[in-house]
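What follows draws every value from the coordinates through simple rules; no lab data is involved. Because the structure is a prediction, the values reported are computed rather than measured. Note that each Cβ is placed from the backbone with ideal geometry, even for glycine, and that neighbours are counted across all protein chains shown.
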Amino acid sequence: MSLSVKHLLGIKDLTPEDIDLILRTADNFKDVLQRPIKKVPTLRDTTIVNLFYENSTRTRISFELAEKRLSADTINFTASGSSVSKGETLIDTVNNILSMKVDMVVMRHSASGAPHFLAQHINASIVNAGDGINEHPTQALLDAFSIREKLGDLKGKKVALFGDIMHSRVALSNIYLLTKMGAEVIVCGPPTLIPKHIEKLGVKVSYDVRKTLEWCDVANVLRIQLERQNKPLFSTLREYSLYYGINKAMLDSLKKEIIIMHPGPINRGVELNSDVADSKNSIILDQVQNGVAVRMAVLYLLAGKKEE
Ligand code: CP
């Protein structure tokens with residue numbers, strides 16, 4: 001069994017079989033991570049560069065840990081403190097790193113399409129760790145893994161994505177993944193934060209948080225991405241929280257238990273109150289933990305493509 005792609009640029013390019021293969025491979029790596037010795041020799045002699053042109057806490061640490069657990073050699077590059085400040089281009093930077101015999105590139109960039117552009121110019125496998133407002137494929141994979149771990153098969157599950165859908169690469173990757181795997185998806189937020197014609201991607205739109213919470217099995221609450229909004233799209237954070245934030249009273253009023261997810265970082269008191277983020281319904285830290293096994297699976301399967 002192998003992936004149909006050489007790079008992981010987005011969920012858009014994956015088949016349902018690819019997604020299933022990644023999730024089943026991650027099951028095995030999750031077992032490895034429960035053992036006293038969490039390291040396997042699988043990627044010994046493979047060198048991976050983590051190329052981060054944009055800030056990250058979870059994704060960067062998770063990839064680095066996944067690489068170390070697979071016994072790969074790792075190099076961490078952050079744009080700040082590098083020769084990017086002297087005007088060096090993306091391709092020159094990457095070609096210089098690759099000339100030192102690097103096999104794979106994990107890349108985060110604020111420009112949508114940056115990893116796709118790079119993939120046209122270099123031979124090494126590229127893993128997109130988040131590109132602008134486009135995709136964040138490993139986040140959607142770890143979200144899917146976490147839902148499947150709690151609720152079983154994704155087919156028929158009702159997943160609601162709340163918040164800033166317009167600027168969220170997590171939303172787009174989740175929409176591609178969940179619809180490919182047969183889940184039902186509703187996006188919910190203020191009209192100004194929901195892209196026009198998003199229904200064409202196979203999702204429904206709601207502007208009513210309470211009704212959407214009543215409908216869903218899983219609420220994946222997304223961050224308000226103020227850094228990507230070049231003009232105000234709602235009046236104040238306080239008003240956003242009042243109309244679109246999720247609080248414990250809302251959860252308590254539901255007739256069923258639902259799962260609360262968030263990709264992080266959380267704006268506590270804006271999209272999610274602390275009493276929800278830290279409640280027994282929340283699987284936010286499980287998502288982070290599962291990210292390591294999922295990224296191990298992605299790196300392992302892409303490294304296997306090189307051998308073919
Ligand atoms: N979920 C996520 O991408 O978090 P970071 O920005 O901290 O990597």
Calculate the spin-label point distance for HIS197 paired with TYR243, positioning each point 7 Å from the Cα along the beta-carbon direction, and give it in nanometres.
-> 2.6
Built amide H within the under 5 Å cut-off of ILE246, gap 5+ | LEU272, ASN273
Note to self: C-alpha centroids of the stretch 201-227 and the stretch 274-308 sit apart, in Å, by 22
Signed unit charges on C-beta, dipole axis of the chain, positive-most listed residue GLY152, MET104, LEU70 = GLY152
List the pair-distance distribution P(r) of the stretch 77-143, using every Cα-Cα distance, as the percent of pairs falling in each 10 Å bin from 0 up to the bin containing the longest distance, rounded to whole percents.
-> 19, 52, 26, 3
How would you rank 167-174, 32-39, 21-28, highest first, on the average number of other Cβ atoms within 10 Å across their residues?
-> 167-174, 21-28, 32-39
Suppose every K and R has +1 on its Cβ and every D and E has -1 on its Cβ; what is the size of the dipole of the chain about the Cα centre, in Debye to the nearest 20?
-> 300
Would you kindly derive the ³J(HN,Hα) couplings of the stretch 211-228 from the backbone phi angles with the Karplus curve 6.51 cos²θ - 1.76 cosθ + 1.60 (θ = phi - 60°), listing them in order in whole Hz, with x for Gly and Pro?
-> 5, 5, 4, 5, 7, 8, 8, 9, 10, 9, 9, 9, 6, 6, 9, 4, 5, 9
Student exercise, the stretch 112-264 dipole from Lys, Arg, Asp, Glu Cβ charges, in Debye to nearest 20 = 220
With a Förster distance of 25 angstrom and the Cβ-Cβ distance between ILE61 and GLU227, calculated FRET efficiency to the nearest 0.05 equals 0.75
What nm value, rounded to one decimal, do you get for the distance between SER112 and THR179 when each label is placed 7 Å out toward the C-beta?
-> 1.5
In whole Hz, with x marking every Gly and Pro, tabulate ³J(HN,Hα) for the stretch 16-25 from phi via Karplus 6.51 cos²θ - 1.76 cosθ + 1.60, θ = phi - 60°.
-> x, 5, 4, 5, 4, 5, 4, 5, 5, 5
Calculated from backbone phi, Karplus (6.51, -1.76, 1.60) coupling profile of the stretch 121-138 in Hz, x at Gly/Pro = 10, 10, 8, 5, 5, 10, 10, 6, 9, x, 10, x, 9, 7, 9, 9, x, 6
In vacuum, with every alpha carbon of the stretch 59-103 counted as one equal point scatterer, what does the Debye formula give for log10 I(q)/I(0) at q = 0.19, 0.20, 0.22, 0.34 Å⁻¹? Two decimals, please.
-> -0.71, -0.77, -0.87, -1.14
Show that you can apply the helix-only estimate: for the chain, add -39,500 (n - 2.57) for every DSSP H stretch of four or more residues, divide by all residues, and state [θ] at 222 nm to the nearest 500.
-> -12000 deg cm²/dmol
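For the stretch 180-229, compute Rh as the Kirkwood radius over C-alpha pairs and then the Stokes-Einstein diffusion coefficient at 37 °C and 0.692 mPa s; write the answer in µm²/s, rounded to an integer. Mind showing how you got there, number by number?
Numbers: Rh = 12.2 Å.
It comes out at roughly 270 µm²/s.
Over the chain, what is the percentage of antiparallel beta bridges among all DSSP beta bridges, to the nearest 5?
In the chain, approximately 5 percent of DSSP beta bridges are antiparallel ones.
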Descending Cα extents along the principal axes, the stretch 1-138, whole Å | 45, 31, 26
Any chance you could tell me what percent of the C-alpha pair distances in the stretch 187-308 go past 21 Å?
-> 49
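Give me the net charge of THR47's neighbourhood, meaning all other residues with Cβ under 11 Å from the Cβ of THR47; Lys, Arg count +1, Asp, Glu -1.
Working: positive: ARG44, LYS101; negative: ASP45, GLU67, ASP73, ASP103.
Cβ neighbours under 11 Å give a net charge of -2.
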Bounding extents of the stretch 31-111 in its principal axis frame from Cα atoms, largest first in Å, are 46, 26, 19
Two pseudo-spin positions, 7 Å from Cα along C-beta at ASP275 and at SER99, lie apart in nanometres by 6.0
Report, in degrees rounded to the nearest 10, the 0 to 90 angle that the Cα long axis of helix 58-69 makes with the longest principal axis of the chain.
-> 40
So what does log10 I(q)/I(0) come out to for the chain at q = 0.07, 0.12, 0.14, 0.16 Å⁻¹, using the Debye formula with one equal point on every Cα and no solvent?
-> -0.27, -0.79, -1.06, -1.33
Length added when fully stretched, GLU214-THR89, from 0.36 nm per residue minus Cα-Cα | 40.1 nm
Where Lys and Arg each count +1 and Asp and Glu each count -1, what net charge lies around GLY245 among other residues with Cβ under 13 Å from its Cβ?
-> +1
